[in-house]
1. Checking C:Val73 against (1) under 18 Å from the mean Cα position of the chain (by Cα); (2) open to solvent by less than 50 Å² (accessible area, probe 1.4 Å); (3) under 23 Å from D:Val60 (Cβ atoms); (4) not small (Gly, Ala, Ser), which single condition isn't satisfied?
2. Can you give me the number of residues within the range B:17-38 that are under 14 Å from B:Gln49 (Cβ atoms) and open to solvent by 40 Å² or more (accessible area, probe 1.4 Å)?
3. Which of the following residues is in a helix (DSSP H, G or I), over 18 Å from D:Tyr42 (Cα atoms) and β-branched (Val, Ile, Thr): C:Val46, C:Val60, C:Val14?
4. Can you work out which of the residues in the range B:12-42 that are touching a residue at least 24 places away in the same chain (Cβ under 8 Å) and within 12 Å of A:Ile32 (Cα to Cα) is farthest from the other protein chains (Cβ to nearest Cβ)?
5. Restricting to the range C:52-64, name every residue that is of a type outside the set (Lys, Arg) and touching a residue at least 24 places away in the same chain (Cβ under 8 Å).
6. Cβ-Cβ distance below 9 Å, separation of 6 or more or different chains: which pairs start in the range A:74-90 with a residue that is of a type in the set (S, T, N, Q) and end on one that is loosely packed, with under 15 Cβ neighbours inside 10 Å?
7. Filter the range C:14-42 down to residues that are within 15 Å of the chain's Cα centre (by Cα) and of a type in the set (Gly, Ala, Ser) and give me whichever is farthest from D:Arg15 (Cα to Cα).
8. Quick test of your reading of the structure: C:Leu65 fulfils all but one of (1) open to solvent by 40 Å² or more (accessible area, probe 1.4 Å); (2) part of a helix (DSSP H, G or I). Name the failing condition by number.
Number of protein chains: 4
Amino acid sequence: MPKHAHGLHLDPAVRTDAKRRLASVRGHVEGILRMLEEDSVYCVDVLKQLKAVEGALGRVGDLVLKSHLAHHVVSAAARGDEARMVDELMELLKYR
Amino acid sequence: MPKHAHGLHLDPAVRTDAKRRLASVRGHVEGILRMLEEDSVYCVDVLKQLKAVEGALGRVGDLVLKSHLAHHVVSAAARGDEARMVDELMELLKYR
Amino acid sequence: MPKHAHGLHLDPAVRTDAKRRLASVRGHVEGILRMLEEDSVYCVDVLKQLKAVEGALGRVGDLVLKSHLAHHVVSAAARGDEARMVDELMELLKYR
Amino acid sequence: MPKHAHGLHLDPAVRTDAKRRLASVRGHVEGILRMLEEDSVYCVDVLKQLKAVEGALGRVGDLVLKSHLAHHVVSAAARGDEARMVDELMELLKYR
């Protein structure tokens, strides 16, 4: 049995957008790695960059979450997997 | 005049630890990029991975923040740059 | 036309639980107000109490959110108000 | 021995401002309690109000935190209680 027998997949357009944004996140992380090569780097400059990356990751997450809500959660009752959909979401949103 | 005339630098041991952790974050981001190559990837699996990366970034931030507090903020009064230290921190912690 | 023509209401059992918890939050806020009467109150003790109240409010929110997902969001496609349900949720979860 | 032998107290002006804001938070919580008396209350309206209260509490916290940084943390090295100040802050900012 496959891992996700439910057959719910991330929307292709959102997947493409998420990849593009995540490639940019990777570039940003590499930029911070280069900053950290410098002896004279200042803590607050690193913290600002880390916060910017967290913001960018959050925007990728919002994109995927919105797509999941719109494509999968709103139709859960019709499909009959409401409990699973709700529990998964609550687990994800905890401490968010 | 250099960008940071104050001469405050991130502690070398913390810098090394942050680099190591951030290299692992980059690897994790690359893993998510590979997940996103799959047509059948499930939204919630992507969201869980994004959340894990945010957690790892937060731990790098905590490391740098603790070092900044311990090495620079607690001695600001003695150095005479309290206002700057406090304003920078409050800006960083906003919406955190 | 009523404010909420959709006729979606918070589940009564959840409403009762939320009231009970929120009455306790009010008591906690009153406790902090009393702390703040003391000349010798220490900042960090106030911050800890504020954080505890935020945690308690977050738990009320989780309760109401879970009920909303389970009773209203999962059936949105069947009802035909998906766009509204998704937009409302995304607005609420922003910066959460 | 008193609980806080260190003798660090919340600045009186900040204490007054925090009390005023917290009294308003209490009023807001009471408003949500009244909302919850209504059979027809809508989940999302409750969630919006809870989020507004969390925002207001966060602003009280920012006020107290800024005062603590400015009055106590920046002078910790001079006073000799750096470790305590840093550990307390990191504990507070965790999961913030």
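The values are calculated or read from the model by the stated rules, or taken from the named source; none is laboratory data. Values in this document were obtained by computation on a predicted structure and should not be read as measured data. Ideal geometry is used to build each Cβ from the backbone, glycine not excepted, and the neighbour counts take in all protein chains shown. Ligands, DNA and RNA are excluded from the accessible area calculation, which covers all protein heavy atoms including side chains. Shrake-Rupley method; radii C 1.70, N 1.55, O 1.52, S 1.80 Å.
1. Of (1) under 18 Å from the mean Cα position of the chain (by Cα); (2) open to solvent by less than 50 Å² (accessible area, probe 1.4 Å); (3) under 23 Å from D:Val60 (Cβ atoms); (4) not small (Gly, Ala, Ser), only one is false for C:Val73: (3).
2. Total meeting the criteria: 8.
3. Step by step, each of C:Val46, C:Val60, C:Val14 is checked, and only C:Val46 is in a helix (DSSP H, G or I), over 18 Å from D:Tyr42 (Cα atoms) and β-branched (Val, Ile, Thr).
4. So, considering only residues that are touching a residue at least 24 places away in the same chain (Cβ under 8 Å) and within 12 Å of A:Ile32 (Cα to Cα), the one farthest from the other protein chains (Cβ to nearest Cβ) is B:Arg21.
5. C:Ala52, C:Val53, C:Ala56, C:Leu57, C:Val60, C:Leu63, C:Val64
6. A:Ser75/C:Ala78
7. Ranking the candidates gives C:Ala18 first.
8. Failed condition: (1).
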